[in-house]
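The structure under discussion appears below in the form of structure tokens.
The values are calculated or read from the model by the stated rules, or taken from the named source; none is laboratory data. Since the structure is predicted, the reported quantities are computational estimates derived from the model, not experimental observations. Don't worry about glycine lacking a Cβ; one is built from the backbone with ideal geometry, like all the others, and counts go over all protein chains shown. Accessible surface is based on the protein model in full, side chains and every heavy atom, while ligands, DNA and RNA are left aside. Shrake-Rupley method; radii C 1.70, N 1.55, O 1.52, S 1.80 Å.
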Amino acid sequence: ANKKISNDLKKTVDFLKIISEENRVRILCILKDGPKCVCEIWPALDLPQNLTSHHLGVLKEADLVKSNKQGLKVFYELNDKNLNKQLDNLKLFLKPKCYGN
């Protein structure tokens, strides 16, 4: 059981590292309204397209967003299932009787 707790804790810490970057949280907020093309995301962030794409890549690698290519455009959307799982894990570790203590 302790190995699973340790693995879950590592995943939660990794999640927090990823979302500790302001622009990544802003991207997640933008995607709450539904799928968006990079061409719609980077102007809203006031960042260069390549930097926006980098942040999207980090979020995608962490399985927090999904992508779908339509023609020449790539659309990104929240991966609600994994995002909710990460938030649930975070809640578990922040409960008063945090397991591991």
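What is the packing order of peptides 69-81, 19-31, taking the mean over residues of other C-beta atoms within 10 Å and listing the highest first? It would help to have the intermediate numbers written out before the result.
Details: 69-81: 13.3, 19-31: 16.4.
Ranked from most to least packed, the peptides come out as 19-31, 69-81.
Note on Kirkwood radius over Cα pairs in Å: of the candidates (1) 17.5; (2) 14.6; (3) 14.0, the value calculated from this structure sits at (2).
Under unit Cβ charges (Lys, Arg +1; Asp, Glu -1), what dipole magnitude, rounded to 20 debye, does region 31-101 have relative to its Cα centre? Display every interim value, and only then the final one.
On the way: 11 positive and 8 negative charges, 62 e Å.
Roughly 300 debye for region 31-101.
Note on the chain: with neighbouring protein chains present and a 1.4 Å probe, carbon and sulfur make up 55 percent of its accessible heavy-atom surface.
Can you give the % of DSSP beta bridges in the chain that are antiparallel, to the nearest 5? Intermediate values should be presented prior to the final figure.
Working: 8 of 8 bridges.
The answer is about 100 percent antiparallel.
In straight-distance terms, cross-link reach from K69 covers every one of the lysines whose alpha-carbon lies under 18 Å from its own, apart from those fewer than eight places away in the same chain; here that gives K36, K60. Set Lys and Arg Cβ to +1 and Asp and Glu Cβ to -1, take the dipole of the chain about its Cα centre, and tell me which of G57, Q70, W42 lies farthest positive. The residue sitting farthest along the positive end of the dipole is G57.
Think of a 1.4 Å ball rolled over the protein heavy atoms: region 1-73 then has 65 Å² of accessible area per residue.
Counting only protein heavy atoms and using a 1.4 Å probe, the accessible area of K95 comes to about 120 Å².
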